[in-house]
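Let me begin by presenting the structure, written as structure tokens, before commenting on it.
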Amino acid sequence: MRLTTLSALLLAGASLMAGDAAKDLPKFQGGDLQKYWTDACARCHGANGSGRDNSGKPLPDNGFDFTDSRKANKKKDSDWIKVTLDGKEKMPAFKDKMSEADVRGMIPIMRKFAAK
Ligand code: HEC
């Protein structure tokens with residue numbers, strides 16, 4: 001009994017340490033892309049695109065601050081589409097979860113973070 005509890009704890013700890021922000025990413029089912037940002041992207045990029053949680057703490061694996069307009073405005077839509085579909089380092093590939101047209105539809109959402 002005690003051993004079982006211990007190994008369960010160890011397993012839980014191991015998956016926590018892996019920082020599994022990319023685990024259980026939902027597939028885009030059509031519909032609201034803004035909601036999909038919240039469900040699939042915000043865990044790393046933040047609800048407001050800054051890579052921070054609501055208390056301002058940097059998220060693990062945040063990668064890019066979409067609210068930094070100076071940087072974001074230098075980026076091309078085509079690059080953002082490519083990174084989203086194919087992934088890059090800790091950014092997971094979404095090509096099995098979204099079509100290219102879906103990602104294209106998400107560009108305005110990503111652009112809006114820098115616009116305010
Ligand atoms: C597991 C965390 C994680 C998730 C989930 C995630 N991203 Fe990322 N994303 C990253 C990281 C880390 C980078 C930085 C990659 C690098 O440059 O090495 C990044 C980079 C990007 C970039 C490139 C930014 C630039 O110009 O450098 C785009 C675009 C992007 N993500 C879009 C998305 C979208 C859209 C979603 C949801 C559909 C998403 N990401 C979900 C972690 C994540």
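The values are calculated or read from the model by the stated rules, or taken from the named source; none is laboratory data. Values in this document were obtained by computation on a predicted structure and should not be read as measured data. Note that each Cβ is placed from the backbone with ideal geometry, even for glycine, and that neighbours are counted across all protein chains shown.
For K74, only one of the following conditions fails: (1) assigned to a loop (DSSP other than H, G, I, E, B); (2) in contact with a helix residue (DSSP H, G or I) (Cβ under 9 Å, 6 or more places away or on another chain). What is its number?
K74 satisfies every listed condition except (2).
Filtering the stretch 83-102 down to residues that are assigned to a helix (DSSP H, G or I) and charged (D, E, K, R), which residue is surrounded by the most Cβ atoms within 10 Å (Cβ to Cβ)?
D102
Could you please let me know if K76 is surrounded by fewer than 14 Cβ atoms within 10 Å (Cβ to Cβ), among the basic types (K, R) and modelled with pLDDT of 95 or more?
yes
Which one of N48, N73, N62 is near the ligand (Cβ under 10 Å from one of its atoms) and not hydrophobic (A, V, I, L, M, F, W, C)?
Answer to the check: N62.
Among the numbered criteria (1) in a helix (DSSP H, G or I); (2) modelled with pLDDT of 95 or more, which single criterion is violated by A12?
Looking at each condition in turn, A12 falls short on (2).
Those residues that are at negative phi, without any contact (Cβ under 8 Å) to a residue 40 or more places away in the chain and part of a loop (DSSP other than H, G, I, E, B), I need them from the stretch 45-71; list them, please.
A47, D53, N54, S55, K57, L59, N62, F64, D65
Quick one: count up the residues across the stretch 49-70 that are out of contact with any helix residue (DSSP H, G or I) (no Cβ under 8 Å at 6 or more places or on another chain) and of a type outside the set (S, T, N, Q).
Final tally of qualifying residues: 6.
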